[in-house]
Structures are given as structure tokens and as C-alpha cells.
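Peer 1: There's a structure below that I have some questions on.
A short reminder: the numbers here are calculations on the coordinates, not readings from a lab. Quick caveat, the model's predicted, so the values are computed rather than measured. As a convention, Cβ positions derive from the backbone with ideal geometry for all residues, glycine included, and neighbour counts pool all protein chains shown.
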Amino acid sequence: MTSNPLLLRERNILVTGASSGIGRETAIVLSELEAKIILTGRDRARLEQTLGKMQGSGHRVEVFDLSDCEAIPAWLRGITLQTGPLHGLVHSAGIQQTIPLRVVTAAKIEDLLRTNVTSAIMLVKAFRQKGCSVNGGSAVLLASAAGLAGQSGITAYSASKAALMGFTRSAAMEIAPEGLRLNCLAPGYVVTEMIESLRDNLSDDQFRIIQEKHPLGLGKARDVALAAAFLLADTARWITGTTLVVDGGYSAH
Ligand SMILES: NC(=O)c1ccc[n+]([C@@H]2O[C@H](COP(=O)([O-])OP(=O)(O)OC[C@H]3O[C@@H](n4cnc5c(N)ncnc54)[C@H](OP(=O)(O)O)[C@@H]3O)[C@@H](O)[C@H]2O)c1
């Protein structure tokens, strides 16, 4: 019998945004694949809720606000001194804000970019620090189909997600000599708390149009989590610098 090529037995994997939505489901799926997960977010109680849904043992919760971007490399080094080097990283923390161009401000743009882009760059910088990751390590960033296809009202968010894809192409070149891989996932609309809050700003007609743009319907967090597992595992050992679109056909129009 061949073994499951997606198994991540005993691999240390950091999951950001593990208190909600895609990050939470990713932590659960990776635990089912026997990885040891470091769950991070700002809310300990919600991280503990995720932990309660996970399989296996040896996982740990680390509360951290990723908008403190300069502190990320030292924070990650401190963790890996205790856990050993990381085999993987999934950066699912992010914010989505509907801000029409007529009301956008530089401060709002900078806040969004700090959480969605600067934190990602600093996490990858931290991951590639000597001793913080193993040769063969894989990092996955949550971009979005909104970085590929236009939609009014979310210009800064779209810019942040397109930035992650550009960053990924260049950073993948820089870290490949160290045996590290970096890829993005670009989901369409996945039913999570983020989308519930977006839903509150839309009329029923607007929401119906979004649903109709997904030939396979809206996604579930598990659809994205399984794609993250594929990119982390040896199944993707020859894949780097790219974006895997997981969007039910949204961007194929
Ligand atoms: N849902 C979708 O349809 C969709 C589609 C495409 C892409 N995405 C992307 O997928 C990722 C996850 O989305 P989601 O729907 O799962 O979102 P979500 O349910 O709103 O969860 C967002 C997560 O980010 C964490 N977070 C936010 N700001 C943070 C900060 N400053 N420091 C640390 N953690 C922070 C939150 O944790 P705490 O609040 O507990 O700190 C939470 O765990 C995001 O990057 C999003 O842009 C989502």
C-alpha cells in the first residue's frame, strides 16, 4: 500500500489567522494530516476553540498582533527556539475592508497594507532566518481572486492581494537556493466571518450576483485548507513562486 503523500507527520507548521475561517480550518486539516501546529492570532480564547477541534497533540497557541511587523522576526525566532525549525508556514491572517475610492484615505490604505502585505513579507523574512526553517520548507500566503479580477469598492484590498502575488514570485527566487518554497493561494468567496461582514454591506441583489459569478458556488474553508496542505506537502516539491487559484471558477470568466 502506498502512503498518503499529503501526510505531514511531525512537521512543525505555523498558521496565522488560526482563530477564524480559512486559518482555523487549515489548522484543523493539517492536524488531521499529523502535523504539529503553532496557532497564532490576537484572541487567545478563539485560538483555544480551534485547538479544541484539532487532532493529535503537541500543538501550541501563540498570541501575537502581526501589525507589529518589525517584531515578527524576533518573535518567530523565539518560538522556533522552543519548537525546533518550521517545516511550513500558512499566512491566513488578513483584513478585508469595503472602502470606495471616494472615501479612501492614506491612513486606511496603510493600515490595510500593513496587516495584509508588510506582515507577509516580514513573516517570510522571519521563516528564512537561519535555524527557523528546514531545507525543504514551504510557505503559503493567502492572496485572493480579488487580486486577479476587478470588483468595485475593494481597491485597496485588491491591491494588497495582487502585491502578495508579485512578492511571491520574487521572494521565491531569493529563497530557492536555501531549499525553501513560497506560493500563494487565491480563493474566491469562501463562507467565513470575513464574508459574513462583507455580506452586511451588500444588497441581496449584489450578493446574488457574486454567488452567480462562482460556477461551482461559494467555497468552504476546507476547500482552501486542502489546497494549502497540497502546497505544504512533498506533493508540491517542484512548485514555487506561483499562485494556485481556488475559486469555483470565479476568475475563469
Ligand atoms: N473568506 C474569503 O472569501 C476569502 C477570499 C479570498 C481570500 N481570503 C483571504 O484569506 C485569509 C483568511 O480569510 P478569512 O475569511 O478566514 O478571514 P477571517 O475569518 O476574518 O479571519 C481573519 C483572521 O486574521 C486574523 N488577524 C487579522 N488581523 C490580525 C492581526 N493584526 N494580527 C494577527 N492576526 C490577525 C484574525 O485573528 P484575530 O482577530 O483573532 O486576531 C483571524 O484569525 C485572509 O487573508 C483573506 O484576505 C478570504
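Peer 1: At a temperature of 10 °C and a viscosity of 1.306 mPa s, determine how fast the chain diffuses translationally according to Stokes-Einstein, using the Kirkwood radius over alpha-carbon pairs as Rh; express D in µm²/s, rounded to the nearest whole number.
Peer 2: Rounded, D is 87 µm²/s.
Peer 1: A further question follows. Looking at the square roots a ≥ b ≥ c of the eigenvalues of the Cα gyration tensor of segment 184-223, which shape do they give, rounded for a/c under 1.5, prolate if a/b is larger than b/c, or oblate? Can you show the working numbers first?
Peer 2: Working: a/c = 2.24, a/b = 1.35, b/c = 1.66.
Judged from the Cα gyration tensor, segment 184-223 comes out oblate (a/c at least 1.5, b/c at or above a/b).
Peer 1: Can you tell me the dipole magnitude for the chain around its Cα centre, using point charges on the Cβ only (Lys, Arg +1; Asp, Glu -1), in Debye to the nearest 20? Don't jump to the answer; show the numbers that get you there.
Peer 2: On the way: 25 positive and 23 negative charges, 88 e Å.
Taking the Cα centre of the chain as origin, the dipole is about 420 debye.
Peer 1: Please work out the FRET efficiency for the pair Ala149 and Ala45, using the Cβ-Cβ distance as r and a Förster radius of 41 Å; give the result to the nearest 0.05. Write out the running numbers ahead of the final one.
Peer 2: On the way: r = 36 Å, r/R0 = 0.87.
For Ala149 and Ala45, the calculated efficiency is 0.70.
Peer 1: Separate question: If you take the charge dipole of the chain about its Cα centre, with +1 on Lys and Arg Cβ and -1 on Asp and Glu Cβ, which of Asn201, Val224, Gly137 is farthest toward its positive end?
Peer 2: Of the candidates, Gly137 comes out farthest on the positive side.
Peer 1: If you don't mind, there's one more thing I want to ask. Of Leu81, Leu226, Leu47, which has the largest mean-square fluctuation in a 10 Å C-alpha GNM of the chain?
Peer 2: Comparing Leu81, Leu226, Leu47 in the GNM, the peak value goes to Leu81.
Peer 1: First check a/c for segment 103-239, with a ≥ b ≥ c the square roots of the eigenvalues of its C-alpha gyration tensor; if it is under 1.5, answer rounded, and if not, answer prolate when a/b is larger than b/c or oblate otherwise. Let's see the in-between values first.
Peer 2: Working: a/c = 2.64, a/b = 1.56, b/c = 1.69.
In terms of gyration-tensor shape, oblate.
Peer 1: Toward the positive end of the charge dipole of the chain, about the Cα centre and with charges on Cβ (Lys, Arg +1; Asp, Glu -1), which of Ile38, Thr115, Leu51 goes farthest?
Peer 2: Ile38
Peer 1: Starting from the Cα gyration tensor of segment 55-133, take the square roots of the eigenvalues, sort them a ≥ b ≥ c, and report rounded, prolate or oblate (rounded when a/c is under 1.5, otherwise prolate if a/b is larger than b/c, else oblate). Let's see the in-between values first.
Peer 2: Numbers: a/c = 3.08, a/b = 2.12, b/c = 1.45.
Note, shape of segment 55-133 comes out prolate.
Peer 1: Right, here's the next one. Going by average Cβ neighbours within 10 Å, how do the peptides 103-109, 214-220, 90-96, 139-145 rank, with the highest at the top? Display every interim value, and only then the final one.
Peer 2: Details: 103-109: 10.9, 214-220: 15.3, 90-96: 23.9, 139-145: 28.3.
Packing order, densest peptide first, comes out as 139-145, 90-96, 214-220, 103-109.
Peer 1: Related question: Any idea what the dipole of segment 80-136 comes to, in debye rounded to 20, about its Cα centre with Lys/Arg Cβ at +1 and Asp/Glu Cβ at -1? Can you show the working numbers first?
Peer 2: Values: 6 positive and 2 negative charges, 22 e Å.
In debye, rounded to 20, segment 80-136 gives about 100.
Peer 1: Could I ask something else about it? What Kirkwood Rh does segment 1-145 have if only Cα atoms enter the pairwise 1/r average? Answer in Å. The partial results should precede the final answer.
Peer 2: Working: mean 1/r = 0.0634 Å⁻¹.
Hydrodynamic radius (Kirkwood, Cα only) of segment 1-145 equals 15.8 Å.
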